[in-house]
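Here's the structure, in structure tokens; my notes come after.
The values are calculated or read from the model by the stated rules, or taken from the named source; none is laboratory data. Predicted model only: the values in this text are computed from it and were never measured. All Cβ positions, glycine included, derive from the backbone under ideal geometry; neighbour counts span all protein chains shown. Accessible surface areas use protein heavy atoms only, side chains included; no ligands, DNA or RNA. Shrake-Rupley method; radii C 1.70, N 1.55, O 1.52, S 1.80 Å.
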Amino acid sequence: MKTRTAARAGQYAALLAYLVFLAFPLLWLLSVAFKSPQELGSLHPTWIPRHPTLANFRQAFDEQPLLRAGLNSLLAALGAALIAVLLATPMAYVAGRRRTALSRAVTGWVVVSQAFPFVLLIIPLFLVLKNLRLIDSLPGLVMVYAVWALPFALWMLVGYVRAVPVELEEAAAVDGAGRLRTLMSVTAPLLAPGIVATGLFAFVTAWNEFFFALVLLKTPQKQTLPVVLTHFIGAEGVADLGPLAAAAFLATLPSLAVFALVQRRITGGMLTGAVKS
């Protein structure tokens, strides 16, 4: 009993340490965002600001077009997530249900393709988008984000498809349901949490992406939020720390909000549709 209690205490301690590790950057941003320039330059910094101020937030909005950049990031992330999910779902179903040598080879290539660094891809992508006249455009950036997220989205969804018992589809077929009815009434509800999780992954990946947006977007009005955040760093590498922390903290809120909205959908409904009504 004592050994079990000690093991449980160790698990909780490790979980707490992990949560502190994950929360540290956000807490640090929040602390710095509300500090005055005098406190930021203090030789004895504190976690909790002595005199909290909103001046950094006002300065951040005055210096850079954060709202426009945030809207650009939102459009690019939503578009990429939607395209990736729409393309990956039917592909994952076929690869997950038909376990042939070809499907295994395709799945293996999908996993291997994730090892390619950005630098190897940016020149071919740039040439392709140039021929399509999509350089310096949000549709071109959405296309790049969708292509980049598609392999991992496909790999994720293949696992979800294989987790759905094929016996459920066979039972629906025995009951007289057609192929489309089976997919819509039995398989789709079971895949819904996986589809939502995949879409969330694609959204967060596109929202936080910096390199492609920096290379492909040149017009200031079209730049995304991660690129605009670099404008708070001067030519000599000196950062305007207060406004930068305020803007970076605001940039984390949309992805946190999206996750908070869909996390119940991810964890719930895993057996929805498994029981025939």
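Before moving on, here are some points about what is shown:
- Tallying residues that are open to solvent by 10 Å² or more (accessible area, probe 1.4 Å) and among the hydroxyl-bearing types (Ser, Thr, Tyr) within the range 160-184 yields 1.
- Which listed residue is more than 22 Å from VAL161 (Cα to Cα), without any contact (Cβ under 8 Å) to a residue 40 or more places away in the chain and either out of contact with any strand residue (DSSP E or B) (no Cβ under 6 Å at 6 or more places or on another chain) or of a type in the set (Gly, Ala, Ser) (or both), from LEU214, LEU180, LEU225: LEU214
- Set ARG8, ARG98, ARG68: member being over 28 Å from the mean Cα position of the chain (by Cα) and either in the same structural domain as ASN208 (by TED's automatic domain parsing) or in contact (Cβ under 8 Å) with a residue 60 or more places away in the chain (or both): ARG98
- Residues of the range 26-55 that are farther than 26 Å from LEU225 by Cα and open to solvent by 70 Å² or more (accessible area, probe 1.4 Å): GLN38, LEU43, HIS44, PRO45, TRP47, ILE48, ARG50, HIS51.
- Yes/no for LEU134 being in contact with a helix residue (DSSP H, G or I) (Cβ under 6 Å, 6 or more places away or on another chain), outside any helix (DSSP H, G or I), open to solvent by less than 80 Å² (accessible area, probe 1.4 Å) and under 20 Å from TRP207 (Cα atoms): yes
- Flag if LEU86 is under 21 Å from the mean Cα position of the chain (by Cα), surrounded by fewer than 17 Cβ atoms within 10 Å (Cβ to Cβ) and not polar (S, T, N, Q): yes
- Residue within the range 139-159 that is touching an Asp or Glu at 6+ places or on another chain (Cβ under 9 Å) and surrounded by fewer than 16 Cβ atoms within 10 Å (Cβ to Cβ) present: no
- All positions within the range 106-131 that are of a type outside the set (A, V, I, L, M) and open to solvent by 40 Å² or more (accessible area, probe 1.4 Å): TRP109, GLN114, PHE116, PRO117, PHE118, PRO124, PHE126, LYS130, ASN131
- Looking only at residues of the range 94-128 that are at pLDDT below 75 and not in a helix (DSSP H, G or I), we find that the one that is farthest from LEU168 (Cα to Cα) is PRO117.
- Taken together, ARG8, ARG58 contain a single residue that is surrounded by 10 or more Cβ atoms within 10 Å (Cβ to Cβ) and at pLDDT 85 or above, which is ARG58.
- Test: residue in the range 248-256 that is touching a residue at least 60 places away in the same chain (Cβ under 8 Å) and touching a strand residue (DSSP E or B) at 6+ places or on another chain (Cβ under 8 Å): no
- Selection status of PHE203, at pLDDT 90 or above, of a type in the set (Phe, Trp, Tyr), out of contact with any Gly (no Cβ under 6 Å at 6 or more places or on another chain) and closer than 30 Å to TYR160 by Cα: yes
- Some residue of the range 73-82 being over 27 Å from LEU253 (Cα atoms) and in a helix (DSSP H, G or I): no
- Some residue of the range 196-207 being open to solvent by 20 Å² or more (accessible area, probe 1.4 Å), of a type in the set (Ser, Thr, Tyr) and under 22 Å from SER113 (Cβ atoms): yes
- Test for PRO193: is it touching a Gly at 6+ places or on another chain (Cβ under 7 Å) and either in the same structural domain as PHE126 (by TED's automatic domain parsing) or among the hydrophobic types (A, V, I, L, M, F, W, C) (or both): yes
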